[in-house]
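I have a structure I would like to understand better, so I am pasting it below and will then ask my questions one at a time.
The values are calculated or read from the model by the stated rules, or taken from the named source; none is laboratory data. Note that the coordinates shown come from a computational prediction; the quantities given were computed from them, not determined experimentally. Counting neighbours? That spans all protein chains shown, and the Cβs are built from the backbone with ideal geometry, glycine included.
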Amino acid sequence: MSYPFSLPENMYPIAACPNAAESNTAEVVFRSISLKYAHKVWLLLAFQQVASDATIITLDVGATVATATTPITFAARWWKNVNIATDDVWVEQVPATTQALDAGMTDQVICIEIDPSAVLAQNATFDCLGGSCAASGVANFISGFWIVAPRYQQATPLPSMVVD
């Protein structure tokens with residue numbers, strides 16, 4: 001018998017990018033989420049590098065989902081796999097406020113772990129999280145999901161995480 005775990009029932013995936021695959025010829029702003037019901041949050045991003053670019057990923061916080069535009073000041077945990085075509089190895093990076101993709105024409109994934117208590121410690125009125133991927137000037141593509149571990153288990157789905 002398999003382990004009784006279902007991702008959509010035990011974790012809450014939310015699309016982070018406005019479109020399924022967003023070109024970052026201009027800055028890509030991630031959908032902001034509320035952390036009111038979150039125990040822990042991960043941002044999982046996938047990048048298709050058409051041209052080499054060390055694009056910068058930034059996380060932002062705010063008091064509402066509409067105003068989550070203040071860069072984080074705490075060091076979040078980051079992991080990377082810089083070439084998903086050849087391996088499945090995740091390498092933990094030095095905790096930081098931002099992270100850059102590795103330059104090179106490889107498809108990459110990044111996972112960022114955010115503890116909501118660190119967001120509140122930055123500013124007691126902040127309970128929303130967002131972020132962005134800087135413009136690369138070339139047609140590289142990004143897609144991603146917020147994965148939320150809910151604070152409380154419940155039989156029905158959580159209230160919406162993209163509204164306050």
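Report, by residue number, each residue of region 122-140 that is surrounded by fewer than 20 Cβ atoms within 10 Å (Cβ to Cβ) and either touching a helix residue (DSSP H, G or I) at 6+ places or on another chain (Cβ under 6 Å) or touching a residue at least 24 places away in the same chain (Cβ under 8 Å) (or both).
Scanning region 122-140 gives Gln122, Asn123, Thr125, Ser132, Ala134, Ala135, Gly137, Val138, Ala139.
Are any residues in region 9-50 among the polar types (S, T, N, Q) and not in a loop (DSSP other than H, G, I, E, B), and if so, which ones?
Of everything in region 9-50, those that are among the polar types (S, T, N, Q) and not in a loop (DSSP other than H, G, I, E, B) turn out to be Asn10, Ser23, Ser32, Ser34, Gln48.
Oh, and also: From the list Ala51, Ala38, which residue is at pLDDT below 95 and either more than 22 Å from Pro150 (Cα to Cα) or among the charged types (D, E, K, R) (or both)?
Details: Ala38 fails: either more than 22 Å from Pro150 (Cα to Cα) or among the charged types (D, E, K, R) (or both).
Exactly one residue qualifies, and that residue is Ala51.
Quick check on my filter: what residues within region 141-164 are aromatic (Phe, Trp, Tyr) and surrounded by 13 or more Cβ atoms within 10 Å (Cβ to Cβ)?
Phe141, Phe145, Trp146
Go through (1) over 24 Å from Cys128 (Cβ atoms); (2) in a strand (DSSP E or B) and name the single condition Ile84 misses.
So Ile84 meets the others, but not (2).
Follow-up question, since we're still on this one. Please identify the pairs in which a residue from region 95-121 that is modelled with pLDDT under 95 and buried (at least 16 other Cβ atoms within 10 Å of the Cβ) has its Cβ atom under 8 Å from the Cβ atom of a residue that is in a loop (DSSP other than H, G, I, E, B) and of a type in the set (D, E, K, R), counting only partners at least 6 apart or on another chain.
Once the first residue is modelled with pLDDT under 95 and buried (at least 16 other Cβ atoms within 10 Å of the Cβ) and sits in region 95-121, its partners that are in a loop (DSSP other than H, G, I, E, B) and of a type in the set (D, E, K, R) give Leu101/Asp53; Gln108/Asp102.
For region 51-73, what are the residues that are in a loop (DSSP other than H, G, I, E, B) and either under 15 Å from the mean Cα position of the chain (by Cα) or within 22 Å of Gly137 (Cβ to Cβ) (or both)?
Matches in region 51-73: Ala51, Ser52, Asp53, Ala54, Thr55, Ala68, Thr69, Ile72.
Return yes or no: is Ser32 among the small types (Gly, Ala, Ser) and more than 15 Å from Met161 (Cα to Cα)?
Taking the combined requirement at face value, the residue does not satisfy it.
All but one of (1) surrounded by fewer than 18 Cβ atoms within 10 Å (Cβ to Cβ); (2) over 14 Å from Gly131 (Cα atoms) hold for Ala38; which doesn't?
So Ala38 meets the others, but not (1).
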